[in-house]
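The values are calculated or read from the model by the stated rules, or taken from the named source; none is laboratory data. Please read these numbers as outputs of a predicted model, since none were measured by experiment. Every residue, glycine as well, gets a Cβ built from its backbone with ideal geometry; the counts of neighbours run over all protein chains shown. Surface areas here come from the heavy atoms of the whole protein model, side chains and all, with no ligands, DNA or RNA. Shrake-Rupley method; radii C 1.70, N 1.55, O 1.52, S 1.80 Å.
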Amino acid sequence: MRYANHVKHYLLLILLQIAVSSVFAQTTPRTLLRAGHVLDVKTGAEPAAQTIIVTGDRITAIAPTASTPKQPGDIEIDLTKYTVMPGLIDVHTHLTMAPNFDPYYELSMTPAKEAIIGVENAKVTLEAGFTTVRNVGANDFTDVALRDEINAGHIPGPHMQVSGPALGITGGHMDENLLPYEYHVHGQGVADGIPAVQHQVRENIKYGADLIKIGATGGVLSKGDDPQASQYTLEEMQAIVADAHRLGRKVAAHAHGAQGILFATEAGVDSIEHGSYINDEDIALMKKKGTYLVPTAYLIDWAQQYANLPPFYAQKMKDVSAVEKQNIAKAIKAGVKIALGTDAAVYPHGLNAHEVDVYVNQFGMSPLQGIQTGTTNAADLMGWTDRVGTLEPGKWADLIAIDGDPLKDVKLLQHVPFVMKSGVVYKDETHK
């Protein structure tokens, strides 16, 4: 008898769940996006007259418009004059930073200012069509707070993976080198030696980091270090990667110089950011290990035209700019995997899609390949292929509409009139 009662109770629970699901399905309105064309970023196919069906924050189906009539309660959005495609992804941003390289400005930055800047830049980035980003470096875990507030629905912004403070060596690119010795100031992510770097990885994860960012070489916009010189040792980076991967986090390595790229790749990092002095040995190892390269190339064009850098930054920018593009083009031709990353904050946020134009019109990618760097490839690097990167049932309803065919002109991505993220419309200039 007791067993029979348990079975009866269990069956009643199942029936209740079915009833609740049925009511939810009936009361949750569908959004029908009537697209002129839908871009399949995997194949390059652009079927016409398609309807993307969105329920809640997910895509539930894509079907020909002719066979998808409006039902009572449905919301229709007319995008019949547009090409609809997945929201773009930028895997190298600094949303809590701004393109101001006056040393006094840098030294006067506070956590409160970074947080406010982040709110502004998150909105600008989302409205530029970038519905997902990795934020690779922020002080005081301001990027963690920004991510959490966006996820809570309090402010508009892209989906975010965040690193918190980037790890680096004393006196290196991630350190604070603008003040004299008597101040004894160090960057928040500075850690030297295996025990110290292990501790820093664990601390970053403790306070909310989704990934770990490290400085494998010197940088450009930092004082007293050399972009070509490796910084962390191979053994230190191996310890970082081992802890990060064991704890479920990927590792992004800032790396300009060839030796640092080689060390970081051998250590098992998931991506090389910048890669300015990448050589044949680096390319071969990255291909063998499947390591992504994130070129951050458009910033060179922008900096040459508009940047007003202090002399100790300007010379390094000039030196890196003289070699980076030819080296990156060689890596692309050799078949190294590429994910779109911009280093936005070195130049104004919102110009992120200019990166695709560089890949296509300077590095020789096809338009589809260029778009894939900011969709399927970027999603793969982030480990989010089940959520973003393509328009498919079950994935987040993150999509943009383009006025024209981006496979004919990728510059169209620089002017996005419609943005939806998680089923919510954040920008609609399609009916002006």
* Structure fact -> Excluding ligands, DNA and RNA, the carbon-plus-sulfur percentage of the accessible area of the chain with a 1.4 Å probe reads 55
* **Most fluctuating residue given options 224, 215, 73, as computed from a GNM of the chain linking Cα atoms under 10 Å** => 73
* To do: Mind telling me which of 336, 197, 185 comes out most flexible in a GNM of the chain, alpha-carbon contacts under 10 Å?
  => 185
* When the chain is modelled as a GNM with alpha-carbon springs shorter than 10 Å, which of 98, 339, 138 fluctuates the most? -> 98
* What figure in square angstrom, to the nearest 10, would you give for the accessible area of residue 67 with a 1.4 Å probe? -> 80
* **Integer Hz, Karplus 6.51/-1.76/1.60 couplings in order for the range 86-96, x for Gly and Pro** => x, x, 7, 10, 10, 8, 9, 10, 9, 5, 8
* **Total charge dipole magnitude, the chain, about the Cα centre, Cβ charges on Lys, Arg, Asp, Glu only, Debye to nearest 20** => 1500
* Which of (1) 174; (2) 151; (3) 198 is the computed volume of the Cα convex hull per residue in Å³ for the structure on display? -> (1)
* What does the helix-only formula give at 222 nm for the chain: each DSSP H stretch with n ≥ 4 adding -39500 (n - 2.57), the total divided by the residues, and the result rounded to the nearest 500 deg cm²/dmol? -> -11000 deg cm²/dmol
* Structure fact -> Placing each pseudo-label 7 Å from Cα in the direction of the beta carbon, residue 66 and residue 151 end up separated by a distance in nanometres of 4.5
* Would you mind computing, in nm to one decimal, how far apart the modelled labels at residue 428 and residue 235 are, each placed 7 Å from Cα along Cα→Cβ? => 6.1
* To do: Give the residue from 241, 302, 137 lying farthest towards the positive end of the charge dipole for the chain; charges sit on Cβ (+1 for Lys and Arg, -1 for Asp and Glu) and the dipole is referred to the Cα centre.
  => 241
* To do: Provide the per residue accessible area, probe 1.4 Å, for the chain, rounded to a whole number of square angstrom.
  => 43
* Structure fact -> A correct Karplus calculation of ³J(HN,Hα) over the range 290-300, with 6.51 cos²θ - 1.76 cosθ + 1.60, θ = phi - 60°, whole Hz and x for Gly and Pro, returns x, 6, 7, 10, 10, x, 6, 8, 5, 4, 5
* Structure fact -> Measuring from its Cα centre, the range 151-245 shows a charge dipole (+1 at each Lys and Arg Cβ, -1 at each Asp and Glu Cβ) which, in debye to the nearest 20, is 300
* Please name which of 89, 172, 187 has its Cα lying farthest along the dipole of the chain towards the positive end, using unit charges on Cβ (Lys, Arg +1; Asp, Glu -1) and the Cα centre as origin. => 89
* Structure fact -> Sorting 317, 348, 290 by the position of each Cα along the dipole of the range 201-356 (Lys, Arg +1; Asp, Glu -1; all at Cβ), the one nearest the positive end of that ordering is 290
* Nearest 10 degrees, 0 to 90: what angle lies between the long axis of helix 280-289 and the longest principal axis of the chain (Cα atoms)? -> 30
* So what J values fall out for the range 356-365 if you push phi through Karplus, 6.51 cos²θ - 1.76 cosθ + 1.60 with θ = phi - 60°, rounded to Hz, Gly and Pro as x? -> 5, 4, 5, 4, 7, 8, 10, 9, x, 5
* Structure fact -> Placing each pseudo-label 7 Å from Cα in the direction of the beta carbon, residue 207 and residue 312 end up separated by a distance in nanometres of 2.5
* Asked: Just in the range 339-429: which trypsin sites (Lys or Arg not before Pro) are loop by DSSP and have at most 13 other Cβ atoms within 10 Å?
  -> 408
* For residue 55 and residue 116, what does the FRET efficiency come to when R0 = 41 Å and r is the distance between their Cβ atoms, rounded to the nearest 0.05? -> 0.70
* Amide H to amide H under 5 Å from residue 345: which residues, 5+ apart in sequence or cross-chain, H placed 1.01 Å off N in plane? -> none
* Structure fact -> Heavy-atom accessible area with a 1.4 angstrom probe orders 32, 221, most exposed first, as 221, 32
* Asked: Quick one: length gained pulling residue 75 to residue 361 fully straight, 0.36 nm per residue minus the C-alpha distance?
  -> 99.0 nm
* Gain on full stretching of the segment that runs from residue 392 to residue 183 - 0.36 nm per residue minus C-alpha separation -> 69.8 nm
* Hey, quick one: spin label on residue 279, modelled 7 Å out along Cα-Cβ, who in the range 289-327 has an amide N within reach, i.e. under 11 Å? -> none
